[in-house]
Amino acid sequence: MFESFLHLFITLLIIIDPFGLIPYFLALTSNFSQKERALAISKAVLFAALILSIFAVFGQHLLEYLSLSIASFKVAGGLLLLWVAFEMILSHPKPPKEKEDIALAPLATPLLAGPAAIATIIIYTGQASGFVVSRLIIIGIVFAVLFLTWLILVNSEYLFRILKKQGSLALAKIMGLILAALAIEMIFAGVKILL
């Protein structure tokens, strides 16, 4: 049980990839003051926590309502994770043209609580035993990962000076490679159950 929750923590941390988000976050907030940056990431983390917590509680019911199995969702979620991994490996940040509220979109969703994170939460809640306790632990993991993400992004200017653009992008690409491996494992696990 502990191993499964640790795996969820690591998987969510890799999916959200706070260090890889540093150049994207700084590009999105290039015309923001430090205070506006902190407010944007604080709001985004709260929105993302709410979104992921809702899926931790109701995601399994949604699957049941739609008559979907955990196995098919593992395959679909694994494919999504693989897509996110490829995007992490191949993409580059683009700065916005003008100042806008980025807290809900694109920060909270899809960057923090995107399809891959949501799919991962639903899969783990479907596998966990003990409805209330497991959901509370999963929500606690979501909050821990998002708090760590908040801490990193609030200090993104300082961390960016240390990592530089190339170091931050290289770290994102390494995380993308690890995520691709996790995605393939998830796909194979789902296919094995379906067969």
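Derivation of every value follows stated rules applied to the coordinates shown; laboratory data play no part. Since the model is a prediction, treat every value here as computed from it, not as a measurement. No Cβ is skipped: glycine too gets one built from the backbone with ideal geometry, and neighbour counts run over all protein chains shown.
Before we move on, is MET186 in contact with an Asp or Glu (Cβ under 6 Å, 6 or more places away or on another chain) and either in a helix (DSSP H, G or I) or farther than 23 Å from GLY78 by Cα (or both)? No: the conditions fail for MET186.
Would you mind stating whether SER53 is outside any helix (DSSP H, G or I) and over 27 Å from LEU169 (Cβ atoms)?
No.
Checked against the criteria, TYR124 counts as crowded, with 19+ Cβ neighbours inside 10 Å and part of a helix (DSSP H, G or I).
Apart from one condition, GLY130 fits all of (1) without any contact (Cβ under 8 Å) to a residue 60 or more places away in the chain; (2) over 17 Å from GLY59 (Cβ atoms); the exception is (2). Only residues that are among the hydroxyl-bearing types (Ser, Thr, Tyr) and assigned to a helix (DSSP H, G or I) were counted in the stretch 127-146, giving 1.
Looking at PHE143, PHE131, just one residue is within 24 Å of LEU6 (Cβ to Cβ) and either more than 19 Å from the chain's Cα centre (by Cα) or crowded, with 18+ Cβ neighbours inside 10 Å (or both), and that residue is PHE131.
The conditions of being out of contact with any Ser or Thr (no Cβ under 7 Å at 6 or more places or on another chain), more than 18 Å from ILE14 (Cα to Cα) and of a type in the set (A, V, I, L, M) are not met by ILE187. None of ILE54, ILE70, ILE16 is crowded, with 22+ Cβ neighbours inside 10 Å and of a type in the set (Val, Ile, Thr) except ILE16.
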